[in-house]
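The values are calculated or read from the model by the stated rules, or taken from the named source; none is laboratory data. Everything numeric in this text was worked out from a predicted model, so none of it was measured. Cβ sites come from the backbone with ideal geometry, for glycine too, and all protein chains shown count toward neighbours. What goes into the accessible areas is simple: the full protein's heavy atoms, side chains included, and nothing from ligands, DNA or RNA. Shrake-Rupley method; radii C 1.70, N 1.55, O 1.52, S 1.80 Å.
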Amino acid sequence: MPYQIKNVLAAQAELGECPLWSVDEQVLYFVDILAPALHRFDPQSGEHQVMPVEEHIGCFGLHEKGGFVAALRSGVCLLDQQGKVTQRIAPNPGEAARSRFNDGRVDRFGRFWCGSLWEPQDRNGGKLCRLDENMQLTVQAGDVMISNGVAFSPDSRWMYHTDTPNGVLYRYPMDEQGEIGPREVIRRFAQAQGGLPDGAAVDSEGFYWAAMFDGSRVVRMDPADGQIVDEIPLPVRWPTMIAFGGPDLKTLYITSSREGRTAEELAAYPQSGDLLAVRVGVAGLPEPHFRQR
């Protein structure tokens, strides 16, 4: 039976990203990186709140004490429930003028992972960072152009990570202290063959789901070898990231982009920038909260 895609919010975001389902609130949060704001969407009531953020916001996580931990262009901060900065934790370890934070999430030990992209795209200047409970930010990996697709296996033994322009899905062994080992290539992608891997999530069976930017689809992959075992065609050409939500965590929410698109492209894909949803047959995993010592 074909998947039934619903447009649940005509957000028309410039660059919708980082959807995150709050199990406690039963709402979906997401960001618009370029029209900087944190969005809160209640699928039951349809209520949509837009909370402006003072600078580009790449990714965020729920904080165990309320509010959020977030990676802004200038660095990692704490935000209150309305998206206002309450504490600046650490500066962007790259060049903030040419490098901004992008994709990230909290792991199951309560650490916040956030990656950056190198805007000139003339070299692999992106970084992957980790914020620990002692509020220390450290660079954990580099040699990527656009850090994306951070996700963790259900047993937390593996971290997955993509580099979108270079079309690579990596995995790293990870221990309980959050230390990662050498990366391995799981799969390489060619844009002409269905898009490039953007934001992602892992389901309760351990499979890796990725939004395929410029590919009009979401794919489900075997984490061992990157083989595509299922795919969902979409009415948007530039999906950016996915999140499992709903009471049973079987609703897949998908953000999308309209950044830099021509009038002709937007006429062909008028839902670009909107929030989509589709029911799937496997549940996701609850998003953990950041733990602060």
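Can you tell which of 277, 224 is over 14 Å from the mean Cα position of the chain (by Cα) and modelled with pLDDT under 95? First the steps, then the outcome.
Working: 277 fails: modelled with pLDDT under 95.
After ruling out the rest, the residue left standing is 224.
Starting from residues that are of a type outside the set (Phe, Trp, Tyr) and not in a loop (DSSP other than H, G, I, E, B), keep the ones in segment 111-129 and report whichever is farthest from residue 146 (Cα to Cα).
To start, the set of residues in segment 111-129 that are of a type outside the set (Phe, Trp, Tyr) comprises 111, 114-117, 119-129.
If we keep only those that are not in a loop (DSSP other than H, G, I, E, B) as well, we get 114-117, 126-129.
On the way: 114: 11, 115: 8, 116: 6, 117: 4, 126: 6, 127: 8, 128: 10, 129: 13 Å.
Selected residue: 129.
Would you mind finding the one in 42, 80 that is loosely packed, with under 15 Cβ neighbours inside 10 Å and in contact with a His (Cβ under 9 Å, 6 or more places away or on another chain)?
Numbers: 80 fails: in contact with a His (Cβ under 9 Å, 6 or more places away or on another chain).
Being loosely packed, with under 15 Cβ neighbours inside 10 Å and in contact with a His (Cβ under 9 Å, 6 or more places away or on another chain) holds for just one of 42, 80, which is 42.
Please go through segment 4-19 and give me each residue that is part of a strand (DSSP E or B) and surrounded by fewer than 23 Cβ atoms within 10 Å (Cβ to Cβ), ordered by number. Working first, answer last.
So the first thing to find is which residues in segment 4-19 are part of a strand (DSSP E or B), and the list is 6-9, 15-19.
Result: 6, 7, 8, 9, 15.
On the basis of being part of a strand (DSSP E or B) and open to solvent by 50 Å² or more (accessible area, probe 1.4 Å), does residue 220 make the cut? First the steps, then the outcome.
Working: part of a strand (DSSP E or B): yes; open to solvent by 50 Å² or more (accessible area, probe 1.4 Å): no.
When the stated conditions are applied, residue 220 does not pass them.
Among the residues of segment 151-160, count how many are under 20 Å from residue 18 (Cβ atoms) and touching an Asp or Glu at 6+ places or on another chain (Cβ under 9 Å).
Residues meeting the conditions: 2.
If the Cβ limit is 9 Å and pairs must be 6+ apart or interchain, which residue in segment 118-142 that is aliphatic (A, V, I, L, M) pairs with which residue that is part of a loop (DSSP other than H, G, I, E, B)?
Qualifying pairs under 9 Å: 131/111; 135/292; 135/293; 137/93; 139/93; 139/94; 141/183.
Of the numbered conditions (1) assigned to a strand (DSSP E or B); (2) under 16 Å from the mean Cα position of the chain (by Cα), residue 34 satisfies every one except a single condition; which is it?
Going through the list (1) assigned to a strand (DSSP E or B); (2) under 16 Å from the mean Cα position of the chain (by Cα), residue 34 breaks only (1).
Out of 261, 187, 237, I need the residue that is open to solvent by 10 Å² or more (accessible area, probe 1.4 Å) and outside any loop (DSSP other than H, G, I, E, B). Which one?
187
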